[in-house]
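What follows is a short report on a single structure.
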Amino acid sequence: MKPSDKSEYALRVQRRLSSKENVAGRPLALKEVAKRVGYSYEHVRQALLGRPVGSRRFNDELAKICALDADEMWRLASKEKAVQRYGSEVARTLTPPPDRRMVTVWERLTESERLQVLAIAEGLVARRQHRRSGRR
């Protein structure tokens, strides 16, 4: 698999590592990247080939070296992993919300509170759909 065919994640990382737009301010060799992130040469190589990034820790270290937003890169990695595993149709439904605040708040809610939030959201959607259909 060529990164240009499948992995936006790999492309973004490769662009940063091969330019001066990273923490070193110069192109970085794969061996040096592996040492800086604390993972094996092969682990980093696989990520740059477009294999799914499996851990948040690896993502965060790689994003830091590349001077990229770690949260944005993790969302991209998670999406690509879901597409590879389940296909693009299913992966679309698994994509986390674009607003990180929702994820942060959701993680801190109790199960009962989550059910309440879902009921509110479903009510908002139903009301909007009802209005669109012209039946107020």
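Dipole magnitude for segment 3-94: computed about the Cα centre from +1 point charges on Lys and Arg Cβ and -1 point charges on Asp and Glu Cβ, it is near 200 debye.
Given the -39500 (n - 2.57) contribution per DSSP H run of 4+ residues, what per-residue ellipticity at 222 nm results for the chain, rounded to the nearest 500 deg cm²/dmol?
On the way: 9 runs with 96 residues, N = 136.
One gets -21000 deg cm²/dmol as the mean residue ellipticity at 222 nm.
Counting lysine pairs in the chain that sit 8 or more residues apart in sequence, or on different chains, and whose Cα atoms lie under 16 Å apart gives 5.
Considering segment 3-94, its Cα convex hull presents a mean projected area of 5.4 nm². Which of A119, A63, A82 moves most in a GNM of the chain, Cα contacts under 10 Å? Looking only at A119, A63, A82, the biggest GNM fluctuation is shown by A119. Sorted ascending by nearby beta carbons within 10 Å, beginning with the fewest, V53, V125, V83 become V125, V83, V53.
Rule-based calculations on the coordinates, nothing more; no lab input. Given the structure is predicted, the values throughout are model-derived calculations rather than measurements. Backbone-built Cβ (ideal geometry, glycine too); neighbour counts: all protein chains shown.
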